[in-house]
1. Contact list please: Cβ distance under 7 Å, first residue in the range 55-67 and on the phi > 0 side of the Ramachandran plot and open to solvent by less than 10 Å² (accessible area, probe 1.4 Å), second residue part of a helix (DSSP H, G or I) and among the acidic types (D, E), pairs at least six apart or on different chains.
2. Give Y257, Y219, Y207, Y240 a once-over and let me know the one that is among the aromatic types (F, W, Y) and touching a Leu at 6+ places or on another chain (Cβ under 7 Å).
3. Looking at the range 551-564 only, could you name the residues that are open to solvent by less than 50 Å² (accessible area, probe 1.4 Å) and in contact (Cβ under 8 Å) with a residue 12 or more places away in the chain?
4. Among the residues in the range 553-564, are any at pLDDT 95 or above, hydrophobic (A, V, I, L, M, F, W, C) and over 30 Å from D46 (Cβ atoms)?
5. Please go through the range 526-550 and pick out each residue that is in a helix (DSSP H, G or I) and surrounded by 12 or more Cβ atoms within 10 Å (Cβ to Cβ).
6. So, in the range 31-54, how many residues would count as being among the small types (G, A, S) and open to solvent by 10 Å² or more (accessible area, probe 1.4 Å)?
7. Among the residues of the range 330-342, are any polar (S, T, N, Q), more than 29 Å from R115 (Cα to Cα) and either surrounded by fewer than 17 Cβ atoms within 10 Å (Cβ to Cβ) or at pLDDT below 95 (or both)?
Amino acid sequence: MGGCALGKYLITAALPYSYAPRHFGHLAGAYLPADIYARFRRLLGDHVVFVCGTDENASSIVLEAMKQKMTPKELCDKYYPIQKEVFEKLGISFNIFSRTSKPVHYEVVREFYNRLWEKGYIYPREIKQWWCPKDKMVLPDRFVKGTCPRCGAEDQYGDVCEVCGSWYESFEIHEPKCTLCGTRPEIVKKVHFFLKLSSLTKEVLEYVKDKKHWRKATYNKTVSWLEKEGLRDKDITRDYEWGPPAPFPNSENQVIYNWAENLLGYISATRDWAENILMQKEAWKEFWMDKETKLYCFIGKDNLFFHTILFPALLIAHGEYVLPYNVVVNEFVNLEGEKISTSRGWVIWLHDLLDDHDPDIIRYYAAAIAPETKDTDFKWQDFAEKINNELIGTLGNFIHRVLTFIYQRLGGVIPNPGELSEKDKEMLEECCRIVEAFRERVEACEFREGLKEILRLAQEGNRYLNEKSPWKDLREAPRTLYVLAQVVHALTVIMSPYLPFTSQRLLDYLNIDKNVEELRWSDVEKTLMPGHRIKEPKPLFKKIDEEYVAKKMKGLEELKKNLH
């Protein structure tokens, strides 16, 4: 397990519901930032476990399965491989992509809640529930819609408001209606089991107040919530059969509420990895039960309170697990100025983008417009401009110019520079400064700024190349191209968390027999020695033409007409 790793990092990305494909907003908001960070920490030599998996036990799964006339299992079995394939094609480097319908997850949930029951954090209480007189069934959270009791937003589900982020009990919702048939439901009474969250407010607040390194909005929202609202006890059982059974006395025919069990999916995924991939059954404990582990959770803002409040509360109540060191919360990506809506078709599906583009083109744009502190906008014209002008015009062009000159004019051999001039040394020093700035940005989870440092290094390289003009002065050419070869090599290393497929191609062009996953930070300081032979370079990317953009814009305009 060990070696001489610098540290232990457990990285999680929000568990996606398994009944729908992933769109561009999901990638930019959670999965790409998590992957960049995981790849970066591996680059530094840290021991990293990066886990995710489909969230398969929500009431929305049951609801969707009923709509599609399938069982929940059939629905999840249909979509799991689709999601897994998209993540693999995009190079999202999970150690495991698990499922919360697996026996290992049910076992984790059972053990976890048995402990909370034994410690007195769970108790039974009679509650009000919605009952649909037409469908003759209890309506759990997603089976009822109405007006948010906190902010008044309409058309919200019965557990959480997607507008203000509040969570509440379903019977609190105003103007309720059954999502299956539209009937106004009636109130019935039933005994459910509650988590004593109210007794954890002080400990959760103390935990959060120590997290000044969180993004400002995340920190302020969480502290404000805890200080103003406090924590109220939460109903954590539901009346349907799909999901981990509630393990409490007299809890037959009840399952654990989705948000009280899917957060434990991070733990069960790590156990799944240890048992079935690493084949070391207890290895998961080296991460979850070692106080030296830094746990990073990457999520969208709609999941903020579940990860900054509920998850730490659960872990504190249990007592044996590490708590999140950082909850990296991103805002949303809109589409051409309007909120993404999968039901209306106002969306950019990742599988569609992958049909048209190299995965690193998609990764580049997702990083370039990452919604780190505010909502951002996917615009087709902007997509083309950023790819054509930045990725290709700045980064790709610089690298191709350097490697092509070495291959065509210097016989593909890294030249002997002789004694470097002051300008040569300045370029190499500037390269070191930018590389260090890049490291600081990514360590702070400022991924857009990290990408800018990659571009800045290419810009500086281009400036130096134009200034030295080796095609005019062949005596200067060996020194200039030696220096630029080192800059290209440094770029190959630092861009690998962002553009892993491109880095792999560059390793091949540079004739370095190494997999991109094997790169380490120390490789930045290594030099391509005089006499080293490179292979023939090819252009790294294809430009996006205006015709393609016009076609995509026309499709959206037609969709908008039909919607209105």
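The values are calculated or read from the model by the stated rules, or taken from the named source; none is laboratory data. Keep in mind the model is a prediction, meaning the values are calculated, not measured. When we count neighbours, we look across all protein chains shown, and the Cβ atoms used for this are built from the backbone with ideal geometry, even at glycine. In case anyone asks, the SASA skips ligands and DNA or RNA and just uses the protein heavy atoms, side chains included. Shrake-Rupley method; radii C 1.70, N 1.55, O 1.52, S 1.80 Å.
1. Every condition considered, no pair remains.
2. Numbers: Y257 fails: touching a Leu at 6+ places or on another chain (Cβ under 7 Å); Y219 fails: touching a Leu at 6+ places or on another chain (Cβ under 7 Å); Y240 fails: touching a Leu at 6+ places or on another chain (Cβ under 7 Å).
Testing whether each residue is among the aromatic types (F, W, Y) and touching a Leu at 6+ places or on another chain (Cβ under 7 Å) leaves just Y207.
3. L556, L559
4. yes
5. Y548, V549, A550, listed by residue number.
6. Residues flagged as among the small types (G, A, S) and open to solvent by 10 Å² or more (accessible area, probe 1.4 Å) within the range 31-54 amount to 1.
7. Yes, because at least one residue in the range 330-342 is polar (S, T, N, Q), more than 29 Å from R115 (Cα to Cα) and either surrounded by fewer than 17 Cβ atoms within 10 Å (Cβ to Cβ) or at pLDDT below 95 (or both).
This table checks each residue for (1) out of contact with any strand residue (DSSP E or B) (no Cβ under 9 Å at 6 or more places or on another chain); (2) in a helix (DSSP H, G or I); (3) closer than 24 Å to A34 by Cα; (4) open to solvent by 80 Å² or more (accessible area, probe 1.4 Å).
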position	(1), (2), (3), (4)
F383	yes, yes, yes, no
T404	yes, yes, no, no
D424	yes, yes, no, no
C432	yes, yes, no, yes
I454	yes, yes, yes, no
G461	yes, yes, no, no
E467	yes, yes, no, yes
